[in-house]
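In what follows, a single structure is set out as structure tokens and then discussed.
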Amino acid sequence: MELYPHQKRVFELITSGQNVILQAPTGSGKTRSALYPFVYSMLPEGTAFRKAIPPKCIYSVPMRVLAKQFKHEYENIARKLRANLGTSFKVCIQTGENPEDKQFKGDLIFATIDQTLSSYLLAPYSLPKRLANINAAAVAGSYLVFDEFHLFDPDSTLLTTLHMLKRLSSITPFILMTATFSQDMLEGLAQFLGAEIVPSNNDELIQIEILANQANKHRHYEIAQYPLNAKSILDAHDRRSLVICNTVDRARYIYEQLTALRPDGVTIRLLHSRYLAEDRNHTEELIRTNFSKGQIEGSEIVVSTQAIEVGVDITSQVLHTELAPANSILQRAGRCARYEGDRGRVIIYPETTAPDESVVDLVENTAPYNSFSKIFQPTLDAFTERQGQHLRFRDEQAIISLVHGPLDRQVLQNLRGDNRISESMYWVMRGDSKRDNVSLLVRQVVQQQVIIHPEPNTVLEAPFSVPSFGFHPTTLQKYVKDWIERGNQLNLDWCVQYLEEQEDPDQTNRPEYRWYEVNDAKEAWLQPLIVVNPALASYDSTLGFLVDRGGEWDQRLAMPQRDMPKERLAFNYHLETYERHIDLVYDAFQLEWGYYASLAQRFERRFGWEEGSVYKAAQLAVLLHDVGKLSVEWQGWVRDYQQKIGGDYDPEKAYAHTDLQTDEQREIERNMPRRPWHAVEGAVAVLPTLETVLGDDHPLCYAVFSAIARHHAPFSSSHQTFKLRSDALEHVQVTFAKHMPNVMDQLVLWTKETGGVNKKETHPLIIHPDDRLECCDKYYEGAFLVYELLVRVLRHADQIGTKNGML
């Protein structure tokens, strides 16, 4: 299939190293525009473009339904690539609901924007805190696609995304895509990011409008003179009707109204975000089939929320929508008369019907769009002036610029002049517990999670594996208050509880959790997981999560999700020498490095470093990462433990792992004193070698030191008193003689006893984000970016090497 002109233009720009902002109407092939350069670079004929396009792509979307749909579509392409090229090309999905690829190891990853941004900020939503620094380099090292980015929250997610891309400029290629942004916003973002806009002129815009799939379809916009209700929907129904409400509660009420009327021959479905995955997937698949291109049989009405607003490849003859911001209305309209030759009606309702049967004025009641409340009236005015008209793409853009222009100009002003976002990003990335509030930077797509369970203590082993439902925190406050009031009237033993992780100062052991009762709704605010008594809330496969009524508990609510966290599985270790462990980790590193070589080269070009210097830094990090285990204290713990379990031990050898296989051995380990620390200690011990090989004030010296110091806990900042064994250098030399003999004569270790560093202090050589990065100081910026790369490579290689050592 030949590329459209705008798709060719995107391909030319991306493959020549230019970043792109693409604005094109729904159904014009934006997804193909973004992914064609990436997929083509995987082919033999695309080899020349691999310098510009990384071997990994993260495709970020604002809603999880988009991630699921795109993964389904591109699995077919992946199968062809695997068959034709003999590669292991892997397509994954990473959302709160479907965390298939928590560490971003796939080749093409469809993720919700909260997963991407939180990973970049060293606070990944789908990983425990001890793995917080493992994903940032995956983001920096990928081709980044941001789809429907006009839906990113303008006060948090949008600004954070733009600051991230600004920082990664000239390192990470990206494309931003939307159908609905004002001209002010497009031009301002292009200037801020140094990106190219497509279409860039009126001629290119006309080329998009005259595409067959754009020119020969007509949808007419109408303003309803009556509230949205079941009667108004049925009166306008024509074969396929979509109804989109702004809240789940109103969508469910409209659905119940429609089903009560029992229209002959009309199938009625409900879809929103509060279903178990299997029920929602079943309904989504039926909708995709029955509302697909060319479908003419049957008669159906679907009542939904924003869950169906963007990206879903369906069409309808009539679309009913509650008043919303102009860009959302136009996105919703993309589900009506979507294909060539289609004709459709888009009916906009300034008023709707609430579950208590009252009429709601949507100009005044703007939830969940409170950030856009000021543009509801301008939106209504703009569509009223165009009552009954068919709108072309340029007409839609005129509405967007008129309605959203003032707000977009404010966003741009905040982007350029307000440093609070960048400062907050640095606090989060430093792990500053007093200021660490990633939710202010990323509007979490999954929101607060709620489970229904009669015995919550039975799920404490893996609470986040239990099926849960997402709620906006403000909405949840109202429900929690109601649950507490009704529960007290019923004299329940408990009504609502929240989960809290117990403190683990080393961040290395399995997390432990505890439930705490909620006596006031405010206590539930922003808690990671809430449980409600089944006597107060229930679940129905047709209606979804029922906040207003208890009922029979659905046993599926107790079933663990498919992705039981792998980090909680018990491993069986075998006594392993230091040299064998380093060999296994180095072998794993060599297999992993191919993914990151191009990123290393981009770092070298960006910061003017010698070619191959980042690879050398990575070698040093891998070969020296466990030198802290060569201390008298660490090896002494190994000796004492092995003697207690009656295991082997040779004082002439140095060990990286002990035996740990039976319940009895685990009990002995629990009763032993804690293992001495070794990560920051090892970094301090190898500092003389780093200074000799890399230069005592080179950014890469900081990067390697930090990667070693934080290869177990991402925010380690201190070390204990330690002293290396007298034969430590000999053990290190054995590994270097095999893997890096050219620096053998530069190996120097700190062998004197070293005092501890106060836990409240940070070792001066650990690099972390601070205000110097905001000034674009390449010295510190380069050091931190390379640290993120090295710690990811090191932790993955260490995981693989350790597992191989268990075999």
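The values are calculated or read from the model by the stated rules, or taken from the named source; none is laboratory data. Only a predicted model underlies this, so the values are computations on that prediction, with no experimental measurement involved. Cβ: placed from backbone, ideal geometry, glycine included. Neighbour counts: every protein chain shown. Quick note on the areas: whole protein, heavy atoms, side chains included, nothing else; ligands and nucleic acids left out. Shrake-Rupley method; radii C 1.70, N 1.55, O 1.52, S 1.80 Å.
Just one of (1) assigned to a helix (DSSP H, G or I); (2) open to solvent by 10 Å² or more (accessible area, probe 1.4 Å); (3) among the basic types (K, R); (4) at pLDDT 70 or above trips up K752, so point out which.
Here K752 clears every test but (1).
Could you say whether any residue in segment 57-68 is assigned to a loop (DSSP other than H, G, I, E, B) and either touching a residue at least 60 places away in the same chain (Cβ under 8 Å) or at positive phi (or both)?
yes
Of these, E610, E576, which one is crowded, with 16+ Cβ neighbours inside 10 Å and not hydroxyl-bearing (S, T, Y)?
E576
What pairs come out if I take residues in segment 360-380 that are under 16 Å from I329 (Cβ atoms) and pair them with residues that are of a type in the set (S, T, N, Q) and assigned to a loop (DSSP other than H, G, I, E, B) whose C-beta lies under 6 Å away, six or more apart or interchain?
Matching pairs, first to second residue: S373/T366; F376/T366.
Take the residues in segment 193-218 that are in contact with a helix residue (DSSP H, G or I) (Cβ under 6 Å, 6 or more places away or on another chain) and open to solvent by 10 Å² or more (accessible area, probe 1.4 Å); name whichever of them is modelled with the lowest pLDDT.
E209
Kindly indicate the residue of segment 439-493 that is small (G, A, S) and in a helix (DSSP H, G or I) and also surrounded by the fewest Cβ atoms within 10 Å (Cβ to Cβ) among those meeting that condition.
S465
Quick one: which of D101, D114, D155, D147 is of a type in the set (D, E, K, R) and touching a Cys at 6+ places or on another chain (Cβ under 9 Å)?
D101
Restricting the search to segment 625-644, which residues are of a type in the set (D, E) and open to solvent by 10 Å² or more (accessible area, probe 1.4 Å)?
Correct list: E633, D640.
Which number in (1) in contact with a Leu (Cβ under 7 Å, 6 or more places away or on another chain); (2) open to solvent by 10 Å² or more (accessible area, probe 1.4 Å); (3) in a helix (DSSP H, G or I); (4) modelled with pLDDT under 95 marks the one condition that G311 misses?
With (1) in contact with a Leu (Cβ under 7 Å, 6 or more places away or on another chain); (2) open to solvent by 10 Å² or more (accessible area, probe 1.4 Å); (3) in a helix (DSSP H, G or I); (4) modelled with pLDDT under 95 applied to G311, the lone miss is (3).
Take the conditions open to solvent by 30 Å² or more (accessible area, probe 1.4 Å), closer than 26 Å to P355 by Cα and among the hydroxyl-bearing types (S, T, Y) and apply them to T247. Does it pass?
The answer is yes for T247.
Which residue pairs have Cβ atoms closer than 6 Å, lie 6 or more positions apart in sequence or on different chains, and pair a first residue in segment 430-450 that is at pLDDT below 50 with a second residue that is part of a helix (DSSP H, G or I) and open to solvent by 30 Å² or more (accessible area, probe 1.4 Å)?
Sorted first by the residue in segment 430-450, then by its partner, the pairs are R435/W427.
With respect to E604, determine if the residue is touching a helix residue (DSSP H, G or I) at 6+ places or on another chain (Cβ under 8 Å), farther than 30 Å from Q665 by Cα, free of Cβ contacts under 8 Å to residues at least 24 places away in the same chain and not in a helix (DSSP H, G or I).
no
Looking at segment 74-121, which of its residues are of a type in the set (S, T, Y), touching a strand residue (DSSP E or B) at 6+ places or on another chain (Cβ under 8 Å) and either open to solvent by less than 10 Å² (accessible area, probe 1.4 Å) or at positive phi (or both)?
T95, T112, T116
Please go through (1) touching a residue at least 24 places away in the same chain (Cβ under 8 Å); (2) under 21 Å from G544 (Cα atoms) for T259 and return the number of the only condition it doesn't satisfy.
(1)
Answer yes if at least one residue in segment 756-775 is in a helix (DSSP H, G or I), out of contact with any Gly (no Cβ under 9 Å at 6 or more places or on another chain), at pLDDT below 60 and among the acidic types (D, E), and no otherwise.
Yes; the residues of segment 756-775 include at least one that is in a helix (DSSP H, G or I), out of contact with any Gly (no Cβ under 9 Å at 6 or more places or on another chain), at pLDDT below 60 and among the acidic types (D, E).
Against the definition (farther than 20 Å from T172 by Cβ, of a type outside the set (D, E) and without any contact (Cβ under 8 Å) to a residue 12 or more places away in the chain), how does A83 come out, yes or no?
So A83 passes the test.
Scan segment 31-56 for residues that are surrounded by fewer than 20 Cβ atoms within 10 Å (Cβ to Cβ), in contact with a Phe, Trp or Tyr (Cβ under 8 Å, 6 or more places away or on another chain) and outside any helix (DSSP H, G or I) and jot them down.
Across segment 31-56, the qualifying residue is only P55.
If V302 passes every condition in (1) among the β-branched types (V, I, T); (2) at pLDDT 95 or above; (3) touching a His at 6+ places or on another chain (Cβ under 9 Å) but one, which one does it miss?
Single failed check for V302: (3).
Name every residue in segment 617-637 that is over 17 Å from H719 (Cβ atoms) and either at pLDDT below 95 or β-branched (V, I, T) (or both), in order of residue number.
If the condition is that a residue be over 17 Å from H719 (Cβ atoms) and either at pLDDT below 95 or β-branched (V, I, T) (or both), then V622 is the only one that fits.
Give me the pairs, please: first residue somewhere in segment 277-304 and in contact (Cβ under 8 Å) with a residue 12 or more places away in the chain and crowded, with 20+ Cβ neighbours inside 10 Å, second residue anywhere and of a type in the set (S, T, Y) and part of a helix (DSSP H, G or I), beta-carbon distance under 6 Å, and either six or more positions apart or on two chains.
V303/Y255
Please go through segment 69-108 and give me each residue that is hydroxyl-bearing (S, T, Y) and either over 27 Å from S273 (Cα atoms) or outside any helix (DSSP H, G or I) (or both), ordered by number.
T87, S88, T95
Within segment 509-522, take every residue that is surrounded by 15 or more Cβ atoms within 10 Å (Cβ to Cβ) and touching a strand residue (DSSP E or B) at 6+ places or on another chain (Cβ under 7 Å) and give me the one that is modelled with the lowest pLDDT.
Restricting to residues being surrounded by 15 or more Cβ atoms within 10 Å (Cβ to Cβ) and touching a strand residue (DSSP E or B) at 6+ places or on another chain (Cβ under 7 Å), the top hit is P511.
Which of the residues spanning segment 172-192 are over 12 Å from L22 (Cβ atoms), open to solvent by less than 10 Å² (accessible area, probe 1.4 Å) and not hydrophobic (A, V, I, L, M, F, W, C)?
Across segment 172-192, the qualifying residues are T172, T180, S182, G188.
Checking A251 against (1) within 34 Å of the chain's Cα centre (by Cα); (2) under 25 Å from K30 (Cα atoms), only one condition comes out false. Which one?
Among (1) within 34 Å of the chain's Cα centre (by Cα); (2) under 25 Å from K30 (Cα atoms), A251 violates only (2).
Condition first: part of a loop (DSSP other than H, G, I, E, B), open to solvent by 10 Å² or more (accessible area, probe 1.4 Å) and in contact with a strand residue (DSSP E or B) (Cβ under 9 Å, 6 or more places away or on another chain). Now tell me which residues in segment 655-703 satisfy that.
Those that are part of a loop (DSSP other than H, G, I, E, B), open to solvent by 10 Å² or more (accessible area, probe 1.4 Å) and in contact with a strand residue (DSSP E or B) (Cβ under 9 Å, 6 or more places away or on another chain): D659, Q661, P676, W677, H678.
Tell me which residues, restricted to segment 343-392, are part of a helix (DSSP H, G or I) and open to solvent by 30 Å² or more (accessible area, probe 1.4 Å).
N370, S371, F372, S373, K374, Q377, P378, D381, T384, E385
Being closer than 15 Å to F376 by Cβ and hydrophobic (A, V, I, L, M, F, W, C) is the filter; apply it to segment 314-335 and report the residue that is surrounded by the most Cβ atoms within 10 Å (Cβ to Cβ).
Here the answer is L323.
Out of all the residues in segment 232-247, which are touching a helix residue (DSSP H, G or I) at 6+ places or on another chain (Cβ under 8 Å), of a type outside the set (S, T, Y) and farther than 16 Å from T26 by Cβ?
I233, L234, R240, V243, C245, N246, listed by residue number.
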